[in-house]
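Inspection log for the structure reproduced underneath, given as structure tokens.
The values are calculated or read from the model by the stated rules, or taken from the named source; none is laboratory data. From a predicted model like this one, the values you see are computed outputs, not experimental measurements. Positions of Cβ are backbone-derived with ideal geometry, glycine not excepted, and every protein chain shown enters the neighbour counts. Note: areas computed on protein heavy atoms with side chains; ligands, DNA, RNA excluded. Shrake-Rupley method; radii C 1.70, N 1.55, O 1.52, S 1.80 Å.
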Amino acid sequence: MTYELLTFQVTDRIATITVNRPDKLNALNDALMRELSAAIDEAVSRDDVGAVLLTGAGRAFVAGADIAELAGQSAVEGKARAERGQRTFRKFEQSPKPTLAAINGFALGGGCELAMACHLRVASDAAKFGQPEVKLGIVPGYGATQRLPRLVGKGRALQLLLTGEMIDAAEAYRIGLVNRVVAAGELIDAARAMLTTILTQGPLAVAHCIEAVDRGLDLPLDDAIALEASYFGLLSASADKAEGMRAFLDKRPAKFTGQ
Ligand code: COA
């Protein structure tokens, strides 16, 4: 697919997807949502990609869904738009390859929701977060009412959802919304470094950790740890497990193949 509202670049096995609609603070219109869906599909399917870094051009990560498009929607269109967006964001969350949001600026509404759908979040110290939907008389539609309490707890999530207030990167870190905060000029290097560390691990192990957390978190504990045990057993049959353990015993770095 040819992208017009984002850029897609692969360097050293990291696909960098840069949302590129800076004049509208990277607001997510339908066309951009279609491109994001295609971009994550491309990253997951390409053999030369092992990880995904998602960021924004200009002073915003993503300042939310495009309010100009939401303004005219009917009830039926609104539900369909939310479901489409949720399916796209779920692709980032269920990707077997790690997805990391490098949050360079405003992450509001759908922008905060998109960051939360990624496995990891690294923020610039200039980033700002919020779920301002109540100010527009709507509820979030791309997952915030569910992912935010899972990440930061019910009380803090409700505070953000009900007040619509923005918080800065330090507060986002304090409440567990982001994994790390770095100086603005170091954002992409720090994000790449985190992904590069993951890329040296066994790819099957990484993919199954992601799946165990994603599927297990909403299961009763007994079912969830049974799922973990089955993955633990499954990976014992992998070449990566044999190589990882042999490399440890030989005191050398492992060379994983993802088999
Ligand atoms: N949808 C559509 N357009 C948006 C947008 C959005 N979510 N967020 C920003 N824009 C547009 C603005 O309309 C403006 O366009 P214009 O230059 O054609 O008028 C441009 O992006 C720059 O935004 P502006 O508001 O002038 O910048 P600012 O620095 O004064 O304020 C924000 C920045 C992020 C505080 C402000 O843009 C904002 O509140 N955006 C909406 C956030 C929101 O409610 N998101 C949830 C949507 S469900």
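Structure data summary
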quantity	calculated
All positions within segment 211-224 that are hydrophobic (A, V, I, L, M, F, W, C) and touching a helix residue (DSSP H, G or I) at 6+ places or on another chain (Cβ under 8 Å)	Ala212, Leu217, Leu219, Ala224
The lone exception for Gln159 - which of (1) within 15 Å of Gly176 (Cα to Cα); (2) open to solvent by less than 10 Å² (accessible area, probe 1.4 Å); (3) of a type in the set (S, T, N, Q) it fails	(2)
Filtered residues of segment 34-71 (kept if hydrophobic (A, V, I, L, M, F, W, C), touching a Gly at 6+ places or on another chain (Cβ under 7 Å) and farther than 20 Å from Leu120 by Cα)	Ala65
Whichever residue in segment 162-185 is part of a strand (DSSP E or B) and open to solvent by 60 Å² or more (accessible area, probe 1.4 Å) and, among such residues, is nearest to Ala107 (Cα to Cα)	Asp168
Subset of segment 206-245 (residues that are more than 23 Å from Gln146 (Cβ to Cβ) and not in a helix (DSSP H, G or I))	Ser236, Ala237, Ser238
Matching residues, segment 76-98, being within 16 Å of the ligand (Cβ to nearest atom), touching a residue at least 60 places away in the same chain (Cβ under 8 Å) and either within 23 Å of Asp41 (Cβ to Cβ) or open to solvent by less than 10 Å² (accessible area, probe 1.4 Å) (or both)	Arg81, Ala82
Breaking point among (1) closer than 25 Å to Arg21 by Cα; (2) without any contact (Cβ under 8 Å) to a residue 60 or more places away in the chain; (3) hydrophobic (A, V, I, L, M, F, W, C), for Val152	(1)
Enumeration of residues in segment 105-127 that are open to solvent by 10 Å² or more (accessible area, probe 1.4 Å) and closer than 15 Å to Ala27 by Cβ	Phe106, Leu108
Unique residue being over 18 Å from Ala144 (Cα atoms), touching a residue at least 12 places away in the same chain (Cβ under 8 Å) and more than 11 Å from the ligand (Cβ to nearest atom) when the list is Ala57, Ala101	Ala57
Failed criterion for Val139 (all others in (1) touching a Gly at 6+ places or on another chain (Cβ under 7 Å); (2) not in a strand (DSSP E or B) hold)	(1)
Any hit, segment 235-250, residues being more than 23 Å from the chain's Cα centre (by Cα) and of a type in the set (S, T, N, Q)	yes
Scan of segment 76-104 for residues that are of a type outside the set (A, V, I, L, M, F, W, C), under 21 Å from Leu25 (Cα atoms) and not in a helix (DSSP H, G or I), ordered by number	Asn104
Per-region count, segment 60-75, residues near the ligand (Cβ under 6 Å from one of its atoms), in a loop (DSSP other than H, G, I, E, B) and over 12 Å from Asn26 (Cα atoms)	0
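Condition check ((1) buried (at least 16 other Cβ atoms within 10 Å of the Cβ); (2) hydroxyl-bearing (Ser, Thr, Tyr); (3) within 19 Å of Cys118 (Cα to Cα)) across all residues:
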| residue | (1), (2), (3) |
| --- | --- |
| Pro203 | yes, no, yes |
| Pro220 | no, no, no |
| Lys241 | yes, no, no |
| Met245 | no, no, no |
